[in-house]
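A quick write-up on the structure given underneath.
No value in this document is a laboratory result; all are computed from the given coordinates. Computed from a prediction, not measured in an experiment: that's the story for all the values here. Glycine gets a Cβ as well: all are built from the backbone with ideal geometry, and neighbour counts include every protein chain shown.
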Amino acid sequence: MTEWAGRGLPPAAAERMKRFASTGLRTSLLPVPGAVGVQSVGFDPVGEVMGCIVEHIGWSGFGGCGYIGGFGGLGIGGGTLTSSGSPRYVGFGPYVDALYRGYGTALGRMTAEAAAMDADGVVGVRLSMSHLEARSPLEAQLGAGNREFVALGTAVRSRSRHRPGRVFTTDLAGQDVAKLLAAGWVPCAVVYGISVAVRHDDWRTQRQASWGAGNTEVFGYTELVTHVRADARYRFDQQARSAGAEGAIVSSMGLQIGEIEPSENHRDHVAEAGVFGTALVSFHRGSTAPTRSLTILPLR
Amino acid sequence: MTADPTALGIPEDAMRRLAEMRPGQATSLFTSDLSVNEFLLVREAGFRPLGLVLGSSIYHVGFQLSRWNSNQELTVLSQAMYHARELAMTRMETEADQLGADGIVGVRLEIEFKEFGSDLAEFIAIGTAVTADEPQAPDGQPWRNNQGQPFTSDLSGQDFWTLIQAGYAPLGMVMGSCVYHVAHQRFWQAMGNVGQNVELPQFTQALYDARELAMSRMQAEAERLVAEGIVGVQLRSLGHRWGGHTTEFFAIGTAVRPLRADHVIVKPQLVLPLTDS
């Protein structure tokens, strides 16, 4: 088997596209309600499509909190450093860049397969990231391992004369796409925003978080989670805006926060936030939606 | 939706619109935490989403000793829950205010205790800020409540739409919280219950007191907003991390005011689905 250089689709995927072009056999990952949904608004499922990349994240960034500290929590500097705002010699900028490359490449390869099938869009996209085991105990300890990013969906083609010019993607289910189209909205792209921020546990934070502190907000941690979520939301907005969208529906928002101890008596907290969703654009020309919903009461 | 999609230009117009999109073209962008159903129904109710709004606070919940044998409210813990929720809600309302919203729908209030530190919990309030298509409600009053704040509502999009159809407007989320310690039984008392069908009066009284405190605090918040009623009330008992005998009783609902005198809704069509779920 010849080595694949990493450009375009891998040989196995290109083979599958060739076979599809000759036999025209359709496949679909849509469940029945999803399939009925897309067909009711004029789309035909064409085939399942997948994009995948295994990435080795060997360099997460310098990782520091920017705190030039004295003993315990006293010192100068600090505050929350997000992956977007901080200078490159601190924080986790390269790690976030690697995540963006992973998700972006997986989505790109998935849309390339859809384009090879002559499809107009991909619905029901499932984006996932999983850790493959590190190749050595040292790698595992450094937190640098291999990650697999997978994007899976069902390519659809519309029964219309116009072609959209590029493949639209959405993580919404087939029924949701049908509801949006009937109301005059069309999804255009899966958008996401990811950010990692680090903050040093300064003296005030340590005091407020200790067991005898009484009822008090912990300003340091609150600032950390607020900044990291704000940065993730900002990047989500920017991605939707740069796609030329009019709106975005968030499907999931997650936050993980943990502590690290880079050296004796020096504790930092790191938070990672991710926002995933679909960007939309409206196509109905009137001021109100073309259809209205019907109130029903199921007899169950 | 019984109309023929092709006659409405679906998907022809949709594909044409996608072909017209240019990366980076200026548009007004909204974001929304609503599900697709909620998004469409909130639009039908006459509101447009402006943006996802969020407020959060990581709070250290203070320590309070409780006496083994007595039923008591743990006021330090109650105050902690109130203060932390208020911080999260206020920050969310400030974001909505900055967007110029009339209200926030689909509010989710979550508490997550953290593994690190001691007794640290994150309180989050997330919702979608909306603005009404018409500047005033059908009764001529503004949509914001008497505190000048955007209204908040934890009702789902479907419930929100039904509420507006029924002639009510949301005023704000109202909450009552009470962290209560239920007394342990004395040894011989516990022995005496073995094999008996008997009511345990101090447990009954403790749970009554705790729930009544939570509900009356919720009612007091609704009275301050001059509401006619509270809908969508949930009364929850949450153990958090304090162990079996200390529980937070939490009552939450949406205070409403009437938009018109009658509250008759269109009778829904009865259908028999072909699936069970």
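Across the options B:Gly167, B:Ile252, B:Met81, the greatest Cα extent toward the positive end of the charge dipole of region B:30-258 (unit charges at beta carbon of Lys, Arg, Asp, Glu) belongs to B:Met81.
Peptide A:175-181 has a mean of 4 when you count, residue by residue, the C-beta atoms of other protein chains within 10 Å of its C-beta. B:Arg144 sits among other residues whose Cβ lies under 14 Å from its own Cβ, and their net charge, with Lys and Arg +1 and Asp and Glu -1, is -4.
Cross-link partners for B:Lys114 among the lysines, with Cα-Cα distance under 27 Å and sequence neighbours closer than 8 places in the same chain left out, do not exist in this structure.
Nearest 500 deg cm²/dmol is fine: what mean residue ellipticity at 222 nm does chain A get from its DSSP H runs of n ≥ 4 alone, each adding -39,500 (n - 2.57), divided by its residue count?
Counting only the DSSP helices, I get -9500 deg cm²/dmol.
Among B:Asp154, B:Asp97, B:Asp13, the residue with the largest mean-square fluctuation in a Gaussian network model of chain B, with springs joining Cα atoms closer than 10 Å, is B:Asp13. So what is the relative contact order for chain B, in percent, with contacts set as C-alpha pairs under 8 Å and at least six apart? The normalised contact order for chain B reaches 19 percent.
Placing +1 on each Lys and Arg Cβ and -1 on each Asp and Glu Cβ, with no other charges, gives the protein assembly as shown a dipole about its Cα centre of roughly 1220 debye.
Think of region A:25-282 as a dipole: +1 on every Lys or Arg Cβ, -1 on every Asp or Glu Cβ, centred on the Cα centre; then among A:Ser83, A:Gly51, A:Leu138, A:Gly51 lies furthest on the positive end. Shape annotation for region B:123-174: C-alpha extents along the principal axes are 36, 25, 20 Å, from largest to smallest. Sorting A:232-242, A:17-27 by average packing, meaning the other beta carbons within 10 Å per residue, from highest down gives A:232-242, A:17-27. Counting only Cβ charges, +1 for Lys and Arg and -1 for Asp and Glu, the dipole size of region B:30-258 around its Cα centre is about 580 debye.
Could you list B:Ser78, A:Ser28, A:Ser136 so that the one with the fewest beta carbons within 10 Å of its beta carbon is first and the one with the most is last? Fewest-to-most ranking of B:Ser78, A:Ser28, A:Ser136: A:Ser136, A:Ser28, B:Ser78.
For the residues of A:219-228, the average number of beta carbons from a partner chain within 10 Å of their own beta carbon is 4. Between B:Arg257 and B:Ala169, B:Leu171, B:Glu228, the built amide H atoms are under 5 Å apart, and every one of these is 5 or more places off in sequence or on another chain. Rounded to the nearest 20 debye, the dipole size of region A:25-282 about its Cα centre is 780 debye, using +1 on the Cβ of Lys and Arg and -1 on the Cβ of Asp and Glu. Using just its DSSP H runs of length 4 or more, each adding -39500 (n - 2.57), chain B gives a mean residue ellipticity at 222 nm of -9500 deg cm²/dmol after division by all residues.
When only alpha carbons are used to place a centre, region A:157-196 and region A:249-263 end up 28 Å from one another. Across the protein assembly as shown the C-alpha pair distances fall into 20 Å bins from zero in the proportions 18, 45, 32, 6, 0 percent. Quick check: Cα centre of region B:188-247 to Cα centre of region B:106-174, how many Å? If we compute the Cα centre of each part, the gap is 25 Å.
Positive end of the dipole of region B:198-260 (Cβ unit charges, origin at the Cα centre): among B:Met215, B:Gly232, B:Gln202, the Cα lying farthest that way belongs to B:Gly232. Straight-line cross-link reach from B:Lys267 at under 19 Å between alpha-carbon atoms covers these aspartates and glutamates, not counting any fewer than eight positions away in the same chain: B:Glu44, B:Asp159. Placing a label point 7 Å from the Cα of A:Thr295 along the Cα-to-Cβ direction, the residues of region B:206-231 whose backbone N falls under 18 Å from that point are B:231.
Remark: C-alpha extents of region B:30-258 on the principal axes read 67, 39, 30 Å, sorted largest to smallest.
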